[in-house]
1. What are the GluC sites (Glu not before Pro) within region 105-146 that DSSP puts in a loop, where the Cβ has at most 14 other Cβ atoms within 10 Å?
2. With θ set to phi - 60°, apply the Karplus curve 6.51 cos²θ - 1.76 cosθ + 1.60 along region 101-110 and write out the HN-Hα couplings as whole Hz, x wherever there is a Gly or Pro.
3. Could you do me a favour and compute the accessible area per residue for region 83-149, 1.4 Å probe, result in Å²?
4. In terms of modelled amide H atoms, which long-range or inter-chain residues lie less than 5 Å from the amide H of I100?
5. For region 56-73, take each phi angle, set θ = phi - 60°, evaluate the Karplus expression 6.51 cos²θ - 1.76 cosθ + 1.60, and give the result in whole Hz per residue in order, putting x for glycine and proline.
6. Amide H of V144 versus every other amide H placed in the peptide plane: which residues, excluding those fewer than 5 positions away on the same chain, fall under 5 Å?
7. In sequence order, what are the phi-derived ³J(HN,Hα) couplings for region 158-172 according to the Karplus relation 6.51 cos²θ - 1.76 cosθ + 1.60 with θ = phi - 60°, rounded to whole Hz, with x for glycine and proline?
8. Given R₀ = 22 Å, what would the calculated FRET efficiency be for D95 paired with R151, taking r from the Cβ atoms and rounding to 0.05?
Amino acid sequence: MSRTSKQNTGDIVRDFLSVADLLEEPQLAQLYAYLARNEETPVKDVMDALGLAQGTAYTYVNRLVDAGVVEVVRDEQPRMYAARPINLTVTADGDREYTITPALIDAVGRRETNGDIDTYIDRHGVAGLATALSYAVARERGEVTHRLMARDLDISPLAAEIVLQALRPVVLEHFDVEVSGASLADIEGVDEDVDDA
């Protein structure tokens, strides 16, 4: 679901509102992320994987279908569903851009089960989580450290480390990163030595 400037403004607004629902409701985000990770899925698998009651699972799936972010890929029983790709760029605070992707939606969905992500969103919003996710990807690629993130975003190094650790499973799930032989502690130690010099 990526949009270009040639599309009808009404379509763009509808898509944005659909994605906004995912970012506001962690259960919907979690369900979308599950469907995005699995090619074609029946509601029964969603129920089992996410621990949802049958009525709740069908309600959520139907909401996502109505929003246009999930589609029915097989109509005969059992009906199969798949997530549509989302890539929507939003400008916040006048000039800061962030892109809403399945990885960000997955991170928001983990809010329900990860207190560190929940706390970070409470303090910095979804836009802040999107920024933290970009730092988490760069960290896994060995390009930044928690101290650099903390300095850039004017947060404590501890807060940066906590959210980077919380987002690591999302990064490993959604991005092509090569996990190096060096441990995260080794990478952090190098950064601390530079800061102390």
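1. Qualifying residues, ordered by number: E143.
2. 10, x, 5, 5, 4, 4, 4, 4, x, 6
3. 46
4. L88, T89, V90
5. For region 56-73, the Karplus-derived couplings read 5, 4, 5, 4, 5, 4, 5, 4, 6, 5, 4, 6, x, 9, 10, 10, 7, 9 Hz, x marking Gly and Pro.
6. Under 5 Å from the amide H of V144: R139.
7. Running phi through 6.51 cos²θ - 1.76 cosθ + 1.60 with θ = phi - 60° gives 5, 4, 5, 4, 4, 6, 5, 5, 5, 8, 4, x, 5, 4, 5 Hz.
8. 0.65
The values are calculated or read from the model by the stated rules, or taken from the named source; none is laboratory data. All figures in this text were calculated on a predicted structure; none of them were measured in a lab. Positions of Cβ are generated from backbone atoms using ideal geometry, with glycine treated the same way; all protein chains shown enter the neighbour counts. Surface areas here come from the heavy atoms of the whole protein model, side chains and all, with no ligands, DNA or RNA. Shrake-Rupley method; radii C 1.70, N 1.55, O 1.52, S 1.80 Å.
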